Amino acid sequence: MRKKIVAGNWKMNTTFNEGIKLAKAINDLSENLSNDETVEIVIAPPFTHISGVVKETNQKNIHIAAQNCATEKNGAFTGEVSAEMLKTIGCQYVILGHSERRAYYNENSEVLNKKINQVLAEHMIPIFCCGEQLAERNSGNHFKVVADQISEVLFNLTETQMESVVIAYEPVWAIGTGVTASKEQAQEMHAYIRKIITDKFGLSVSDKLSILYGGSVKPANAKEIFEQLDVDGGLIGGASLEADSFIEIVKSL
Ligand code: 13P
C-alpha cells in the first residue's frame, strides 16, 4: 500500500511567530486525523522555524520537512544548512529540486545529485520535484523534460535508496498561477513517471512510490486530483499557509 502524503511548502513566508501559530493550528486541527495511519501530513517551514515547529507539533502523523539542503556534509560553506543539521533538529523530509530553486538558484541535476545523496545518507526522505514549463508542454516536450529530470538524478540511486524517495510532479505553469493541471493531465503524467521508475527499478519499487501533485491545489480541486489512480497526495504552496484550507486538502485524500 502506498503512503498518502499531503505536504505544505510554506516557501519564504511567515515570520517566526506566524509560523509557530500556523503549525499549532495545523496540529490542533489534525488531532482527529491522527488515527488514519495511511495519511501523512508534512509541513515544510523555512529553516529558521523548523525547531519551533517541531516543538509545536505532537500529532504522530505530522512530519517536518526542510525546503532545501546543502550539497556538502559540512565545512566552510558560509550560509549553507546541511542535511545532518536538519536531521538532528527533527526533519524527516527534504524537498529537493523545486522549480523555484531550479529557476532562481541554478539548481541543475549535478547539484541535485549531491543533495539527494546527502539527504539519503542521513536516512531522510527526499521529495524530489520535477515538472515542465508551459512552453515545453505546448511544444509537446513535457514527457521528455520530466523523464530527463528524473533519469539525471534518480537513476544514479540504488533500488534500496529509490524505495525511500517521494516524487512531486509540479508543472511550472500551475505553480502559484491558480491554473491547476486537469485531473487527466495529472494522471497521465503520474502514470508516465511510475512507468519510468518501473522500467528502471522494477515493479516492487514503483508500486510503493508515492507521487504527489503540486500546482494550485485548493480545497475545491484537491479531491478530483487525489482520486486519480497514480496520484498519492499533494505538495501545496499557497493553500498551506492557512490551517483550515490545508486541513481541508488533507481530508480530501
Ligand atoms: P501553489 O500551491 O501555491 O501553486 O504552489 C505549489 C508549489 O510550488 C508547492 O511546492
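The values are calculated or read from the model by the stated rules, or taken from the named source; none is laboratory data. Computed from a predicted model, the values in this text were never measured in an experiment. Cβ placement follows ideal geometry from the backbone for every residue including glycine, while neighbour counts extend to all protein chains displayed.
Could you please find all residues in the stretch 201-253 being among the charged types (D, E, K, R) and part of a loop (DSSP other than H, G, I, E, B)?
Filtering the stretch 201-253 down to residues among the charged types (D, E, K, R) leaves 207-208, 218, 223-224, 227, 230, 232, 242, 244, 248, 251.
207, 208, 218, 227, 230, 232, 242 - these are the residues of the stretch 201-253 that are among the charged types (D, E, K, R) and part of a loop (DSSP other than H, G, I, E, B).
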- Inter-residue pairs, beta-carbon under 7 Å, first within 14 Å of residue 143 (Cβ to Cβ) and in the stretch 174-193, second in a helix (DSSP H, G or I) and not charged (D, E, K, R), 6+ apart: 181/174; 186/225; 189/146; 192/143; 193/146; 193/150
- Does the stretch 190-208 contain any residue that is touching a Gly at 6+ places or on another chain (Cβ under 9 Å) and of a type in the set (Ser, Thr, Tyr)? no
- Task: Among what's in the stretch 91-108 and is surrounded by 19 or more Cβ atoms within 10 Å (Cβ to Cβ) and among the aliphatic types (A, V, I, L, M), pick the residue that is nearest to the ligand (Cβ to nearest atom).
- Result: 95
- Item | Filter result for residue 180 (part of a helix (DSSP H, G or I) and on the phi < 0 side of the Ramachandran plot) | no
- Within the set of pairs 6 or more residues apart or between chains, which connect a residue that is under 15 Å from residue 101 (Cα atoms) and modelled with pLDDT of 95 or more inside the stretch 3-17 to a residue that is assigned to a loop (DSSP other than H, G, I, E, B) and more than 11 Å from the ligand (Cβ to nearest atom) with Cβ atoms less than 7 Å apart? 10/45; 10/46; 12/46
- Residue in the stretch 129-181 that is surrounded by the fewest Cβ atoms within 10 Å (Cβ to Cβ), counting only those that are of a type in the set (Ser, Thr, Tyr) and under 21 Å from residue 234 (Cα atoms): 177
- Any idea which residue in the stretch 1-60 is farthest from residue 235 (Cα to Cα), counting only those that are in contact with a Leu (Cβ under 9 Å, 6 or more places away or on another chain) and small (Gly, Ala, Ser)? 44
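Would you check if there is a residue in the stretch 183-195 being hydrophobic (A, V, I, L, M, F, W, C), outside any helix (DSSP H, G or I) and within 15 Å of the ligand (Cβ to nearest atom)? Outline the logic, then answer.
First pass over the stretch 183-195, keeping only residues hydrophobic (A, V, I, L, M, F, W, C): 186, 189, 191, 193.
Right, trim to outside any helix (DSSP H, G or I) and you get none.
There is no residue in the stretch 183-195 that is hydrophobic (A, V, I, L, M, F, W, C), outside any helix (DSSP H, G or I) and within 15 Å of the ligand (Cβ to nearest atom).
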- Name the single residue, out of those in the stretch 238-249 being crowded, with 22+ Cβ neighbours inside 10 Å and near the ligand (Cβ under 10 Å from one of its atoms), that is farthest from residue 100 (Cα to Cα). 249
- Query: Is it true that residue 167 is touching a helix residue (DSSP H, G or I) at 6+ places or on another chain (Cβ under 7 Å), in a helix (DSSP H, G or I) and of a type outside the set (D, E, K, R)?
  - Reply: no
